[in-house]
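The values are calculated or read from the model by the stated rules, or taken from the named source; none is laboratory data. For clarity, every value in this text was computed on a predicted model and none was experimentally measured. Note: ideal-geometry Cβ built from the backbone for every residue, glycine included; neighbour counts use all protein chains shown.
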Amino acid sequence: IQAGACTLHSSGGFVSAHRGGAAYAPENTLLAFANAVRLGVDEIELDVQLTADGELVVIHDDTLDRTTDCSGTVGAWTLAQIRACDAAYWFAPGQATTAPDTGLAHPLRGTGVRIPSLREVLDWHATLPCPPRLSIEIKNIPGETNFDPVGTRSADVLLPLLEAYALAERIVVQSFWPPTLDAVKRRNPAIRTQLLTTSSTGQTATMNLAYTTAGGHDISAPNFDAPDFDAAFVALAHAAGKAVVPYTVDTARDQQTTLALGVDGLITNYPGCALHLRQRP
Ligand code: G3P
Ligand code: CA
């Protein structure tokens, strides 16, 4: 794939830094995203949620508690209030998942790491000479405080932003909620869309492919350890014209096994490891 002067990796499996590479830097922050660029990833994965004043902020959970020193639901706070939270508060280097105190050291506490707005991330991305793709997950999960069954609330804010930054070529939009992704695809078919499923709620890779196909989406993204995720599934998806990009593939052994299935890319908290393996399989 050509984009400007840069060539995006297009064979052998691209590497997507989950939440910016959450094992290396505080997840979903500009610090993590800049580190992912330094590593040379092909893609940065990030999550967005709506604030009380209708801004998209980059955070995985619907609450502030797990990753910051603040407490409460993201949707009840304004962007200005959220800006005061310390996004590195619970980060422990080397740990893929931040968690309130597990006795580990948190060396980046109090160093000014903030939850970015999506606008800030897009502004930063626009300054990069050779930017990686951004894979933006619209967080819309049944049972969470901000769940939107119709699925259009965040898309209504996201799409004009992406259009303003003219980013269709270097963007993927993902969601676990098919109506959200369907709304994105309907409104802007030029944006590549990636459907997520999880076997933790009984969804199989085969179900993922069915939703992906029904919605006219581009990328099938089941969890790599779904029971039916194997080479036959990857071949089936490819025959249907869909790319396959599983998550979240963290150990070297799993990365090696997953790449050997012929996937188009993988999403990982340890992108440095996957980049190394891709060079020296
Ligand atoms: O990109 C897929 C992955 O991010 C989905 O899982 O829960 O980390 O957003 P989660
Ligand atoms: Ca995500």
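Checking each residue in region 195-211 for being within 14 Å of ligand 1 (Cβ to nearest atom), over 16 Å from the mean Cα position of the chain (by Cα) and among the hydroxyl-bearing types (S, T, Y) picks out S199, S200, T201. For the residues A231, A221, A252, the requirement of being aliphatic (A, V, I, L, M), away from ligand 1 (no atom under 14 Å from the Cβ) and in contact with a Leu (Cβ under 6 Å, 6 or more places away or on another chain) singles out A231. Would you be able to tell me the number of residues in region 77-102 that are touching a residue at least 60 places away in the same chain (Cβ under 8 Å) and assigned to a helix (DSSP H, G or I)? Result for region 77-102: 0.
Restricting region 160-169 to residues that are of a type in the set (A, V, I, L, M, F, W, C) and part of a helix (DSSP H, G or I), the residue that is surrounded by the most Cβ atoms within 10 Å (Cβ to Cβ) is L162.
Quick one: is P178 touching a His at 6+ places or on another chain (Cβ under 9 Å) and either touching a residue at least 24 places away in the same chain (Cβ under 8 Å) or within 21 Å of H60 (Cα to Cα) (or both)? Yes, satisfied.
Restricting attention to region 18-61 and to residues that are of a type in the set (A, V, I, L, M, F, W, C), out of contact with any strand residue (DSSP E or B) (no Cβ under 7 Å at 6 or more places or on another chain) and not in a loop (DSSP other than H, G, I, E, B), the residue that is surrounded by the most Cβ atoms within 10 Å (Cβ to Cβ) turns out to be A32. Being hydroxyl-bearing (S, T, Y) and in contact with a helix residue (DSSP H, G or I) (Cβ under 7 Å, 6 or more places away or on another chain), is that true of even one residue in region 122-136? No, there is no match, as no residue in region 122-136 is hydroxyl-bearing (S, T, Y) and in contact with a helix residue (DSSP H, G or I) (Cβ under 7 Å, 6 or more places away or on another chain).
Restricting region 1-17 to residues that are away from ligand 2 (no atom under 15 Å from the Cβ) and modelled with pLDDT of 95 or more, the residue that is surrounded by the fewest Cβ atoms within 10 Å (Cβ to Cβ) is F14. For region 111-121, the criterion of a residue being in a helix (DSSP H, G or I), buried (at least 17 other Cβ atoms within 10 Å of the Cβ) and at pLDDT below 95 is satisfied by no position. Within region 178-209, the set of residues being hydroxyl-bearing (S, T, Y), away from ligand 2 (no atom under 16 Å from the Cβ) and assigned to a loop (DSSP other than H, G, I, E, B) comprises just one member, T204.
For the residues V157, V172, the requirement of being among the hydrophobic types (A, V, I, L, M, F, W, C), closer than 19 Å to K242 by Cβ and either within 16 Å of ligand 2 (Cβ to nearest atom) or not in a loop (DSSP other than H, G, I, E, B) (or both) singles out V172. Of all residues in region 239-253, those satisfying the criterion of being touching an Asp or Glu at 6+ places or on another chain (Cβ under 8 Å) and more than 16 Å from ligand 2 (Cβ to nearest atom) are K242, A243, V244.
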